[in-house]
1. Can you give the FRET efficiency to the nearest 0.05 for A25 and V88, using r as the Cβ-Cβ distance and R₀ = 41 Å?
2. Run the numbers for L64 and T43: contour at 0.36 nm per residue of separation, minus the present Cα-Cα distance, in nm.
3. What's the local net charge at L44, with K and R +1, D and E -1, over the other residues with C-beta under 14 Å away?
4. Would you mind working out the magnitude of the charge dipole of the range 27-90 relative to its Cα centre, with +1 at each Lys and Arg C-beta and -1 at each Asp and Glu C-beta, to the nearest 20 Debye?
Amino acid sequence: PSTSFFPSPSCSRSKSYFYFIALPALFKRELQDTEAEEGGTVTLRCELTKPKAPVEWRKGDVTLYPGLKYELRQQGCAAELVIHDLEVEDS
């Protein structure tokens, strides 16, 4: 007698594709106006809806980077920019 073999569903091969669209991080708490004295230090804070979301601090069109003048911190959903040795141009 002739026997035919067909793959069972568990043996069949198929490809599945999944696409995930990540929701953007939004501000939960935006920056607040802060006053400080020239020569001093100020800390600007914001809170985002996603932990460790990428944050880019800018002044106008210029991206700020960590160094002697700027300190960038991020923990969980909170992001901080510390500006040292404040000058009038920092406002």
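Values quoted throughout were computed directly from the atomic coordinates according to the rules given, and no laboratory measurement underlies them. Just so we're clear, the structure is a prediction, and the values are computed from it rather than from any experiment. Every residue, glycine among them, receives a Cβ derived from its backbone with ideal geometry; neighbour counts consider all protein chains shown.
1. So the FRET efficiency works out to roughly 0.80.
2. Details: separation 21, 0.36 × 21 = 7.56 nm, distance 1.40 nm.
Stretched fully, the L64-T43 segment lengthens by 6.2 nm.
3. Values: positive: R29, R45, R58, K59, K69, R73; negative: E30, D33, E35, E47, E56, E71, E80, D90.
Combined, the nearby Lys, Arg, Asp and Glu give -2.
4. Details: 9 positive and 14 negative charges, 132 e Å.
In total the dipole reaches around 640 debye.
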